[in-house]
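Chemist: Mind looking over this structure? Questions follow.
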Amino acid sequence: MAEREINIEDITKIEGHANLLIKIENDELKEVRLGVHEGKRFFEKFMVGRSYKKIPEMAGRICGICTVAHEIAAARAVENALSVKVPECVEMARNMMLISSHIQSHLLHLCFLALPDYVGKDNSLEMDVETLKKIYKVKEAANRMTEIIGGRAVHPCDVVVGGFSREIGREDAERYGKLIKEAMPILEEIASVFLTLDYPDIRRQNNFASLYGDEFSLYRGMIKTSKYVFEEGEYEKYIEERSIDYSNANRVFVRGEDFMVGALARLNFNEIDGRAKEMMNEHGIKFPSNNSCHMNIAQALEMVYFAEKAMEIADEFNGCSERGEVKNENGEGVAIIEAPRGLLLHHYVIEKGKVRYANIITPTAMNLESMERDLRWHVEKILNRDDEEIKKEAEKLIRAYDPCISCSVHVARVV
Amino acid sequence: MKIGVFSLTCCEGCSVQFLNIESDILKLVEKFDIKNFRLIKERNEMPVDIAFVEGFPSNDEEVEKLSYIRENSKILVSMGACASNAGIPGMVNYAGKKAKGIKEYVDVDYFLYGCPFSIDELMELISCIFHGKEFRNKNQNVCSECYLRGVDCLLDKHILCMGGVARAGCNAVCPYNGHECSACRGGYEGIDIKSHARLLLSKGFSEEEIIDAYEMYMHEYVEELKKWLKER
């Protein structure tokens, strides 16, 4: 057999524009290239010279799905830079927003991007109306929850350095809590679907990274990888970015090795409890897992776990009108939080109130190298199948990573 | 009617917003056929009757893609701030070229302004197209919506708000939540930036702060603003 070339020019059902090229020669895998052809957006360039006050608002525009994560990471990095003490109630409200946006993002990925591959449909809108209504009911609830705290679901408009631009009331938390409570049964039902699907078996990656600490937090913690544990401010000693010629997005390594971030990494390093733990046991699911496609299972369990946590926070929340005060306008700060797709890093240097340096590393940028190596590993094993089947398998794997290509290129720096 | 949702360089928040029509999308699916939506569909077809385009072209391929969409659609709708005037990324140059909205490349039939666009306006537009009625963008400023919602003026709290020159239609969502309007919907027709700048100066904002505020979403007015500030 001579040469075969499998080319996917614009991978569908992922966020953003990426392409895949697979070259096979005489039954031997020659090349796997996961390229990103979406245009660069230079956020780090145009943030320079701007007032720190505008950074959370601008950062949100990096991504339309994980907009909450970008806003909060940016706010927290600026607060670290300017030594702003943030009231506890602000952190509670930010956690509520992060959780509802994670649920929204996981639902979008699981139900609209990943599920069609496993039920043999072109797209989810082809599913029966009753199922769709259920999905929309919880998706709508998650969006309303983000809106209650953030003022708007896509690009929330009240996240500012130090806290929120308005008072978040006790009654807001009550409305938020009521929504999640009502959505819970359907959320469990949807999650259980993803615990029983038959996933490709891709066990190459053994290097994961996520936040880690006494409590399973999306907001703050130590950074744990399979070999190291470090603080967010020390990232430059561990995390390194490299540019490659066939992609507009950089590749990211931890001390020279590729790694995987996201829900699977989080569950590999953190304990869950409550209903999510019960569901895990009922289905005989165990973590850690090094099957990259188990990202879908991890996201499904996280939705249930964090929904319960959100109810607890909403119960305890007594309103918040305070804001952390900015006392000086110079400094350098880093924040690493958990975006839906994994670790998200924002780093700013601020002088006289203006940004002098900005560095943002997104979860998808961190995952791209691992994704490409997983593809090589998996395709090598199925070379005897026809092109269409290889393509399908490759797409399933890529979608399991839930890549957000827009994020990965939108922060590429000008070289 | 066949619908397509297309994405150029942007955050894809407007595509997400399109999916956030939530349960109404099911009603939409009954009347319209979503033929092209790469974010959620594998098999995508052309031509379409209505093309919703988010983002701006940041390279030659995207310029070509945009022309192809125009040639293969009866109605083209510019969706969101990036399609309208390149949005926040419009602040910098791309490969030596200024980032521009899609109207600089192709004819646009309708505009849905905002970052992201408003779902109510999208539903209104779709309904107008379906029933053959005229769709009109709001042509007053965001202040008018603050007034209707009883929002206290942020300028009085020394927050630099762009509501005075920004196009309404968002129901003043940012000022209502205590955050300044950044004019993500651009300027309304016939705005008077000199009066606005004069007002901001009288409220104690510096020239630099005013220029910064215009640079976010109102880049096309920055030259005129700078010139006036210099000559005044």
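Chemist: I'd like to check something: does the stretch A:146-161 contain any residue that is within 8 Å of chain B (Cβ to nearest Cβ), under 23 Å from B:I40 (Cα atoms) and in contact with a strand residue (DSSP E or B) (Cβ under 9 Å, 6 or more places away or on another chain)?
Modeler: no
Chemist: Next question, about the same structure. For the stretch A:204-229, which positions are without any contact (Cβ under 8 Å) to a residue 24 or more places away in the chain and within 29 Å of A:C89 (Cβ to Cβ)?
Modeler: Listed by number, the residues that qualify are A:G213, A:D214, A:E215, A:G221, A:M222.
Chemist: Return yes when A:I62 is surrounded by 18 or more Cβ atoms within 10 Å (Cβ to Cβ), at the interface with another protein chain (Cβ under 7 Å from one of its Cβ atoms), closer than 30 Å to A:R323 by Cα and β-branched (V, I, T) and no when it is not.
Modeler: Answer is yes for this residue.
Chemist: Report those strands (runs of 3 or more DSSP E) wholly inside the stretch B:1-62 carrying at least 2 residues which are farther than 23 Å from B:M91 by Cα and within 11 Å of another protein chain (Cβ to nearest Cβ).
Modeler: Per the criteria, B:33-37.
Chemist: Here is a follow-up. Given the conditions (1) more than 7 Å from every other protein chain (Cβ to nearest Cβ); (2) within 16 Å of A:I361 (Cα to Cα), and given that A:K30 satisfies all but one, which numbered condition is not satisfied?
Modeler: Unmet for A:K30, out of (1) more than 7 Å from every other protein chain (Cβ to nearest Cβ); (2) within 16 Å of A:I361 (Cα to Cα): (2).
Chemist: With the stretch A:23-91 as the region, which helices (runs of 4 or more DSSP H) entirely inside it contain at least 3 residues that are at pLDDT below 95, closer than 27 Å to A:I103 by Cα and not assigned by TED's automatic domain parsing to the domain that holds A:E312?
Modeler: The helices (runs of 4 or more DSSP H) meeting that bar number zero.
Chemist: Another question, if that's okay. Exactly one of (1) open to solvent by less than 30 Å² (accessible area, probe 1.4 Å); (2) outside the structural domain of B:G80 (by TED's automatic domain parsing); (3) under 27 Å from A:E167 (Cβ atoms) is unmet by B:S118. Its number?
Modeler: (2)
Chemist: How many of the residues in the stretch A:107-140 are open to solvent by 10 Å² or more (accessible area, probe 1.4 Å) and assigned to a helix (DSSP H, G or I)?
Modeler: Residues flagged as open to solvent by 10 Å² or more (accessible area, probe 1.4 Å) and assigned to a helix (DSSP H, G or I) within the stretch A:107-140 amount to 13.
Chemist: I would also like to ask the following. Taking B:Y188 as the residue in question, decide whether it is under 20 Å from the mean Cα position of the chain (by Cα), facing another protein chain (nearest Cβ under 9 Å), open to solvent by 30 Å² or more (accessible area, probe 1.4 Å) and of a type in the set (F, W, Y).
Modeler: It is false that B:Y188 is under 20 Å from the mean Cα position of the chain (by Cα), facing another protein chain (nearest Cβ under 9 Å), open to solvent by 30 Å² or more (accessible area, probe 1.4 Å) and of a type in the set (F, W, Y).
Chemist: Out of all the residues in the stretch A:167-174, is one or more modelled with pLDDT of 95 or more, open to solvent by 20 Å² or more (accessible area, probe 1.4 Å), touching an Asp or Glu at 6+ places or on another chain (Cβ under 8 Å) and not in a helix (DSSP H, G or I)?
Modeler: Taking every residue of the stretch A:167-174 in turn, none turns out to be modelled with pLDDT of 95 or more, open to solvent by 20 Å² or more (accessible area, probe 1.4 Å), touching an Asp or Glu at 6+ places or on another chain (Cβ under 8 Å) and not in a helix (DSSP H, G or I).
Chemist: Tell me the residue from B:K100, B:K138, B:K74 that is open to solvent by 30 Å² or more (accessible area, probe 1.4 Å), part of a loop (DSSP other than H, G, I, E, B) and over 25 Å from A:C63 (Cβ atoms), please.
Modeler: B:K138
Chemist: In addition: Name the residues in the stretch A:121-140 that are within 10 Å of chain B (Cβ to nearest Cβ), more than 24 Å from B:R43 (Cβ to Cβ) and touching a residue at least 24 places away in the same chain (Cβ under 8 Å), would you?
Modeler: The answer is A:K137, and nothing else.
Chemist: Would it be correct to say that B:E124 is out of contact with any strand residue (DSSP E or B) (no Cβ under 8 Å at 6 or more places or on another chain), crowded, with 22+ Cβ neighbours inside 10 Å and not hydrophobic (A, V, I, L, M, F, W, C)?
Modeler: Considered against the rule, which asks whether it is out of contact with any strand residue (DSSP E or B) (no Cβ under 8 Å at 6 or more places or on another chain), crowded, with 22+ Cβ neighbours inside 10 Å and not hydrophobic (A, V, I, L, M, F, W, C), B:E124 comes out as no.
Chemist: Which of the residues belonging to the stretch B:151-168 are surrounded by fewer than 23 Cβ atoms within 10 Å (Cβ to Cβ) and within 14 Å of chain A (Cβ to nearest Cβ)?
Modeler: Those that are surrounded by fewer than 23 Cβ atoms within 10 Å (Cβ to Cβ) and within 14 Å of chain A (Cβ to nearest Cβ): B:V151, B:D152, B:L154, B:K157, B:H158, B:I159, B:L160.
Chemist: A further question on this structure: Being more than 12 Å from chain A (Cβ to nearest Cβ) and touching a helix residue (DSSP H, G or I) at 6+ places or on another chain (Cβ under 8 Å) is the filter here; which residues of the stretch B:63-82 pass it?
Modeler: Answer for the stretch B:63-82, where residues must be more than 12 Å from chain A (Cβ to nearest Cβ) and touching a helix residue (DSSP H, G or I) at 6+ places or on another chain (Cβ under 8 Å): B:L66, B:I75, B:L76, B:V77, B:S78.
Chemist: Determine whether B:N85 is crowded, with 19+ Cβ neighbours inside 10 Å, in contact with a helix residue (DSSP H, G or I) (Cβ under 7 Å, 6 or more places away or on another chain) and more than 13 Å from every other protein chain (Cβ to nearest Cβ).
Modeler: Yes: the conditions hold for B:N85.
This table checks each residue for (1) touching a helix residue (DSSP H, G or I) at 6+ places or on another chain (Cβ under 6 Å); (2) surrounded by 14 or more Cβ atoms within 10 Å (Cβ to Cβ).
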residue: B:F130; (1), (2): no, no
residue: B:K194; (1), (2): yes, no
residue: B:L200; (1), (2): yes, yes
residue: B:E208; (1), (2): no, no
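Chemist: Ok, one more. State whether one or more residues within the stretch A:308-323 are assigned to a helix (DSSP H, G or I) and touching a strand residue (DSSP E or B) at 6+ places or on another chain (Cβ under 9 Å).
Modeler: No, the conditions are met nowhere in the stretch A:308-323.
Chemist: Return the residues of the stretch A:248-272 that are crowded, with 20+ Cβ neighbours inside 10 Å and free of Cβ contacts under 8 Å to residues at least 40 places away in the same chain; say none if nothing qualifies.
Modeler: A:L267, the sole residue that qualifies.
Chemist: For the stretch A:7-27, which residues satisfy the criterion of being open to solvent by 10 Å² or more (accessible area, probe 1.4 Å) and more than 11 Å from chain B (Cβ to nearest Cβ)?
Modeler: Matches in the stretch A:7-27: A:N7, A:N19, A:L21, A:K23, A:E25, A:N26, A:D27.
Chemist: Let me ask something additional. Inspect the stretch B:164-185 for any residue being in the same structural domain as B:S206 (by TED's automatic domain parsing), of a type in the set (K, R) and part of a loop (DSSP other than H, G, I, E, B) and give the result as yes or no.
Modeler: For the stretch B:164-185, residues in the same structural domain as B:S206 (by TED's automatic domain parsing), of a type in the set (K, R) and part of a loop (DSSP other than H, G, I, E, B): present.
Chemist: List the pairs whose first member sits in the stretch B:192-213 and is within 14 Å of chain A (Cβ to nearest Cβ), whose second member is open to solvent by 70 Å² or more (accessible area, probe 1.4 Å) and not in a helix (DSSP H, G or I), and whose Cβ atoms are under 9 Å apart, counting only residues at least 6 apart or on separate chains?
Modeler: Every condition considered, the pairs that remain are B:F205/B:H158.
Chemist: Where the second residue is of a type in the set (A, V, I, L, M, F, W, C) and open to solvent by 10 Å² or more (accessible area, probe 1.4 Å) and the first is outside the structural domain of A:K392 (by TED's automatic domain parsing) and lies in the stretch A:97-117, which pairs have Cβ atoms under 8 Å and are six or more apart or on separate chains?
Modeler: Matching pairs, first to second residue: none at all.
Chemist: Something else: For A:E44, are the conditions met, namely being within 11 Å of chain B (Cβ to nearest Cβ) and in contact (Cβ under 8 Å) with a residue 60 or more places away in the chain?
Modeler: Spelling it out, A:E44 is indeed within 11 Å of chain B (Cβ to nearest Cβ) and in contact (Cβ under 8 Å) with a residue 60 or more places away in the chain.
The values are calculated or read from the model by the stated rules, or taken from the named source; none is laboratory data. If you're wondering where the values come from, they're calculated on a predicted model, not measured in any experiment. With ideal geometry, Cβ positions are generated from the backbone for all residues, glycine too; neighbour counts draw on all protein chains shown. What goes into the accessible areas is simple: the full protein's heavy atoms, side chains included, and nothing from ligands, DNA or RNA. Shrake-Rupley method; radii C 1.70, N 1.55, O 1.52, S 1.80 Å.
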